[in-house]
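Reading through the structure tokens given below for one structure.
The values are calculated or read from the model by the stated rules, or taken from the named source; none is laboratory data. Given the structure is predicted, the values throughout are model-derived calculations rather than measurements. Here the Cβ is made from the backbone with ideal geometry for all residues, glycine too, and neighbour counts use every protein chain on show. Each accessible area value is taken on the protein alone, full model and side chains, heavy atoms only, with ligands, DNA and RNA left out. Shrake-Rupley method; radii C 1.70, N 1.55, O 1.52, S 1.80 Å.
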Amino acid sequence: MEWLTDRAMLQRWRRQVQGQLAFVPTMGALHEGHLRLLRAARESPGRVIASIFVNPTQFAPNEDFARYPRTLEQDRLLLQEAGCDAVFVPSVAEMYHGSGQTRVQVEPLGSDLCGRFRPTHFQGVATVVTILLNLVRPDRLYLGCKDYQQLILLRQMVADLALPVQVLGVETVREADGLAMSSRNRYLAPEERARAVGVAQALAAAQQARRAGERRVEVLQAVAQAVLARHGIEQVDYVAVRDAATLAALPEGVIGDQDPVMLLAVRVGTTRLIDNRILA
Ligand code: PAF
């Protein structure tokens, strides 16, 4: 597995790749969810490259950039075992080469949902992913469905900018009790970890209500909110039911022919957790 620390090394490696290239961008602190992305990438023909870069521009000054888990040695072993062909591991200076004056914004999607609470987050994500795509020039980009808004936003960006890459969303991997795997789960104290199960249960309760015939968004949101409250999760940034392809609000607040997605963001202690589920 090639360990590529600067742009020139990456570009040299890229030039000798023949055939298809799959790309899995990450911020490291790898867990089973990332490995699922790598497996999906590995299963299709061609080579696989991952990146590890904790991107400062997607964290606000009051967020967890400094304490974001960094487990580079362990990540390296996991990527090797997963059959990755190369890893791009740039420094901040190497990633934001030059003056760094340009930002990529996907609006209004980037200001909605998580964007209401993290106003500069998606601009940071869209900008770094654009740089990465231009450097790596992959045929396929693999992203987790766990960060559902990020997936839809990057799909939109790729379409709007006519970037020559196919975007693939890979299913969320969950712990045995349903908690979606996330690098941030390791921040949870044991008592918080126990309460965090309420997130997946809130989504499951909404799904059950939907299956029982409920179509009103407000009622489904209230069902999820009640489960969060029962688990002592009182800091709720949002619970929303949206069009699963575009994240647009549902006309009249009622589910139509298409299965929508429920998305939520909460804080358990100081840890922000997000999750989502297609209400089928
Ligand atoms: O999902 C992530 O880990 C990050 O947002 C990404 C896509 C690697 C961009 O920094």
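Worth a mention:
- Accessible surface, 1.4 Å probe, highest first, among residues ASP275, ASP112, ASP160, ASP259: ASP160, ASP259, ASP112, ASP275
- Between THR26, THR246, THR130, the residue with the greatest mean-square fluctuation in the GNM of the chain (Cα pairs under 10 Å linked by springs) is THR246.
- Highest-fluctuation residue, ALA22, ALA82, ALA176 considered, GNM on the chain with Cα pairs under 10 Å: ALA176
- Solvent exposure of segment 198-280 as accessible area per residue, Å², 1.4 Å probe: 46
- FRET efficiency for ASP177 and LEU72, using Cβ-Cβ distance with R0 set to 30 Å, rounded to 0.05: 0.55
- DSSP bridge pairs, the chain: antiparallel proportion in percent, nearest 5: 50
- Compared with the alpha-carbon gap, the fully stretched path from ALA189 to ALA245 is longer by 16.7 nm at 0.36 nm per residue.
- Of the chymotrypsin sites (Phe, Trp or Tyr not before Pro) found in segment 48-139, the ones in coil according to DSSP and having at most 15 other Cβ atoms within 10 Å of their Cβ are PHE65.
- What a 1.4 Å probe finds exposed on the chain is 50% carbon and sulfur by accessible area, rounded to a whole percent.
- Kirkwood Rh in Å, taken over segment 1-125 so that all alpha-carbon pairs contribute: 15.9
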